[in-house]
């Protein structure tokens, strides 16, 4: 059987995570990487895989089965998603929860003859599936999602887009008191601010207006304005020494009842050494699903809710049933 030919659009942290995942997948091959940087300045571990300008992608529609989009949600995917979906089967990890409905519509309009899987990271993504499952199993219940403590790639990218910011990382920190309340089964009503806080570590360009940058971060809608946010300005050396790694994690906790007052708690959690590598692994699995659905003519924009779980695995159905059911 021919291997699924994968293209990567964007070669940042997530792009490198996808690269690792594709190289580890026996049913896939990495065909090309597309970048806005100078293609001649980049090289993969497998030097036989070429880099191209992102502008050259439209010339390679017959050479790539699925394009995995690794740009940021804040500014990249809103344009790149519809553009690539008009030509390729795609997978992305769009993570701006409040704008997903609008983004899905824009992708669906472009994906007339392609299959486009959006928001396929771990949240939105795997956590979304767990919220659906737990709510279906325990309809008399409430789901709570906690993220961190860890680096949010989308939020860090949003800070780095601010004029005057040289480097930035943002840690999402869950609040212990909120977690304890949820695990107790009392089903509290919690605002975003009561569940998490955000810590930002920022290196600025010489002469940058730190006060203006801090205000722009804290007032940024959909990312920081609804949370208690601290902005720490640090030197480049501190950043390199203490803020280069990208751990993350989180949990979905569903608290509900069955008969009478029989309390039931469902919990799904992640502890990640590398957020981008794990995200890349998820997107690569959904690229397999996108390829299979496109082969069936099942076109248009899809979410993780629309994907049969068996399509994520390289193993066939009989093997899955025998080994895992």
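FYI, it's all coordinate maths here, none of it is from the lab. In this text, all values refer to a predicted model and were calculated from it rather than measured experimentally. Using ideal geometry, Cβ is built from the backbone for each residue, glycine included, and neighbour counts are taken over all protein chains shown.
Taking the Cα centroid of the stretch 196-238 and of the stretch 311-325, what is the distance between the two, rounded to the nearest whole Å?
Centre-to-centre (Cα) distance: 46 Å.
Over the stretch 1-133, what is the relative contact order in percent, taking alpha-carbon pairs closer than 8 angstrom and at least six residues apart? Numbers along the way, then the final one.
On the way: 219 pairs, mean separation 27.6, N = 133.
Reported relative contact order: 21 percent.
For a quick protection proxy, order the peptides 245-255, 301-311, 48-58 by their average other-Cβ count within 10 Å, most packed first.
Working: 245-255: 20.0, 301-311: 16.2, 48-58: 14.4.
Sorting 245-255, 301-311, 48-58 by mean packing, highest first, produces 245-255, 301-311, 48-58.
Please list 130-140, 19-29 highest first by mean number of surrounding beta-carbon atoms within 10 Å per residue. Mind showing how you got there, number by number?
Working: 130-140: 15.2, 19-29: 17.3.
Answer by packing, highest mean first, reads 19-29, 130-140.
For the stretch 1-48, what number results from the quotient of the Cα radius of gyration and 2.2 N^0.38 Å? Before the final figure, lay out each step's value.
Working: Rg = 10.8 Å, N = 48, 2.2 N^0.38 = 9.6 Å.
Expressed relative to 2.2 N^0.38 Å, the Cα Rg reads 1.13.
Counting C-alpha atoms alone, how compact is the stretch 159-255: give Rg to one decimal and Dmax as a whole number, in angstrom.
Answer for the stretch 159-255, Rg first and Dmax second: 15.8, 51 Å.
For the stretch 108-214, take the convex hull of the Cα atoms, compute a quarter of its surface area, and give me that in nm², please. Before the final figure, lay out the partial values.
Details: hull surface 40.9 nm².
Value for the stretch 108-214: 10.2 nm².
Over the stretch 53-133, one equal point on each Cα, no solvent: what is log10 I(q)/I(0) by the Debye formula at q = 0.20, 0.25, 0.27 Å⁻¹?
-0.86, -1.23, -1.36
Considering all alpha-carbon pairs of the stretch 24-65, what whole percent are spaced by more than 16 angstrom?
On the way: 342 of 861 pairs.
More than 16 Å apart: 40 percent of the Cα pairs in the stretch 24-65.
Take the stretch 230-325, drop everything but the C-alpha atoms, weight them equally and run the Debye formula without solvent; then report log10 I(q)/I(0) at 0.14 Å⁻¹ to two decimals.
The Debye formula, applied to the Cα set alone, gives -0.86.
May I ask you to work out the translational diffusion coefficient for the stretch 40-183 at 25 °C, viscosity 0.890 mPa s, via Stokes-Einstein with Rh from the Kirkwood sum over Cα pairs, reported in whole µm²/s? Please report the intermediate quantities before stating the final value.
On the way: Rh = 17.8 Å.
It comes out at roughly 138 µm²/s.
Ranked by Cβ crowding within 10 angstrom, fewest neighbours first, how are 230, 284, 101 ordered? Don't skip to the end; give the middle numbers.
On the way: 230 15, 284 27, 101 8.
So the ranking, lowest neighbour count to highest, is 101, 230, 284.
Which values, in whole Å and largest first, are the semi-axes of the equivalent ellipsoid of the stretch 213-278 obtained as the square root of 5 times each eigenvalue of the Cα gyration tensor? Don't skip to the end; give the middle numbers.
Numbers: eigenvalues 258, 77, 16 Å².
Equivalent ellipsoid semi-axes, largest first: 36, 20, 9 Å.
With the contact rule set at Cα under 8 Å and sequence spacing of 6 or more, what percent relative contact order holds for the stretch 204-274? Don't skip to the answer; put the middle values down first.
Details: 51 pairs, mean separation 16.3, N = 71.
Relative CO of the stretch 204-274 lands at 23 percent.
How big is the gap, in Å, between the Cα center of the stretch 103-173 and the Cα center of the stretch 6-68?
23 Å
With the contact rule set at Cα under 8 Å and sequence spacing of 6 or more, what percent relative contact order holds for the chain?
About 21 percent, as a whole number.
Considering just Cα atoms, how many Å³ per residue does the convex hull of the stretch 188-240 enclose?
81 Å³
Which whole-number percent of Cα pairs in the chain have a distance greater than 25 Å? Each step should come with its number before you reach the end.
Values: 28723 of 52650 pairs.
When every Cα pair of the chain is considered, 55 percent fall beyond 25 Å.
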